[in-house]
Every structure is written in structure tokens, then in C-alpha cells.
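Data first, discussion second: the structure below is written as C-alpha cells.
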Amino acid sequence: MKLLLDEMYPRRLAEQLRADGHDVVAVVELAELVGGSDAEVTRFARESGRVVVTENVIDYARLDVGEHAGLLLVTARLWPRTPKSLPRLRQALRTRLEDRTTTEVPLIEWL
């Protein structure tokens, strides 16, 4: 499974997951997507076969199944993006990536 971290996630998280051997890119690493609309992020993710990791549940959960390659929805209350909490989020994402060698696309799950 390949991931695209939505714009609220830091570049460092994607870099760390890549260092762990996973195919993860953050929106903040892609100049063409920074500040882009959810539709642009979704289109890029779908075309590159990436599951979008996002806290933006209200907008992404409304998408039709054919509009995305998968969604991994996150709640900031359980997975805050603070420097102290990012290692726990990294571990949760790494575990999800390692547990899932194949995915039924489009996946829609909660972390």
C-alpha cells in the first residue's frame, strides 16, 4: 500500500516512513499540491495509486468510491500531530503498512 499524507502532516513523517522502507509521500513535498484543493489531492492520489491519510474527514468521506484510491481517516484527538505524539502516529502507520501487503481498493478505514 502506498500513502499520500495530506497537507496537515509534516514532511518529516513521510521521510521517516520512507526510511522504514514504505512508499509514502507528503503533500508538503509536492509543490504542485501545496495549497491545492481536496479534489487535486484526491486526483493525484488516485492517479498514483495512493491512499490519502487525512484528518479532513468531513470533505473526504463525502467522496464517491470511484473518486479516490483509498482513504485512511485519522482523528486528531486520538492521533495529535504534536512533536511528542508524532512517533506514536508513525508507529501506527508503519504497523498498518506492514500488516497490509495488498489492499482492496478503494479502502476506507479509520486509523
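Would you tally the residues in the range 35-44 being outside any helix (DSSP H, G or I) and either at pLDDT 95 or above or surrounded by 14 or more Cβ atoms within 10 Å (Cβ to Cβ) (or both)?
Taking the range 35-44 and keeping what is outside any helix (DSSP H, G or I), we get 35-37.
Imposing the further condition that a residue be either at pLDDT 95 or above or surrounded by 14 or more Cβ atoms within 10 Å (Cβ to Cβ) (or both) reduces the set to 36.
Count: 1.
Residue-by-condition table, conditions (1) under 16 Å from Ile108 (Cβ atoms); (2) among the basic types (Lys, Arg); (3) more than 10 Å from the chain's Cα centre (by Cα):
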{"site": "Leu17", "(1), (2), (3)": "no, no, yes"}
{"site": "Val25", "(1), (2), (3)": "no, no, no"}
{"site": "Ser37", "(1), (2), (3)": "no, no, yes"}
{"site": "Ser48", "(1), (2), (3)": "no, no, yes"}
{"site": "Ile58", "(1), (2), (3)": "yes, no, yes"}
{"site": "Arg62", "(1), (2), (3)": "yes, yes, yes"}
{"site": "Ala69", "(1), (2), (3)": "yes, no, yes"}
{"site": "Trp79", "(1), (2), (3)": "no, no, yes"}
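So, Ala31, is that one part of a helix (DSSP H, G or I) and either on the phi < 0 side of the Ramachandran plot or surrounded by 19 or more Cβ atoms within 10 Å (Cβ to Cβ) (or both) or not?
no
Count, please, the residues in the range 56-78 that happen to be surrounded by 19 or more Cβ atoms within 10 Å (Cβ to Cβ) and closer than 19 Å to Gln91 by Cα.
Looking only at the range 56-78, we keep the residues that are surrounded by 19 or more Cβ atoms within 10 Å (Cβ to Cβ), and these are 60, 68-72, 74.
If we keep only those that are closer than 19 Å to Gln91 by Cα as well, we get 71-72, 74.
Qualifying residue count, the range 56-78: 3.
State the number of residues belonging to the range 49-105 that are of a type outside the set (A, V, I, L, M, F, W, C), at pLDDT 80 or above and farther than 15 Å from Glu7 by Cβ. Step through it out loud before you land on a result.
Of the range 49-105, the ones of a type outside the set (A, V, I, L, M, F, W, C) are 49-50, 54-56, 59-60, 62, 64, 66-68, 70, 75, 77, 80-85, 87-88, 90-91, 94-96, 98-104.
Filter once more, so that each one left must be at pLDDT 80 or above: 49-50, 54-56, 59, 70, 75, 77, 80-85, 87-88, 90-91, 94-96, 98-99.
Next cut, farther than 15 Å from Glu7 by Cβ only: 49, 70, 75, 77, 80, 82-85, 87-88, 90-91, 94-96, 98-99.
Residues in the range 49-105 being of a type outside the set (A, V, I, L, M, F, W, C), at pLDDT 80 or above and farther than 15 Å from Glu7 by Cβ: 18 in total.
Is there a residue in the range 5-24 that is buried (at least 20 other Cβ atoms within 10 Å of the Cβ) and in contact with a Phe, Trp or Tyr (Cβ under 8 Å, 6 or more places away or on another chain)?
Within the range 5-24, not a single residue is buried (at least 20 other Cβ atoms within 10 Å of the Cβ) and in contact with a Phe, Trp or Tyr (Cβ under 8 Å, 6 or more places away or on another chain).
The values are calculated or read from the model by the stated rules, or taken from the named source; none is laboratory data. Since this is a predicted model, take the numbers as computed values, not measurements. Glycine also receives a Cβ, built like all others from the backbone with ideal geometry; neighbour counts cover every protein chain displayed.
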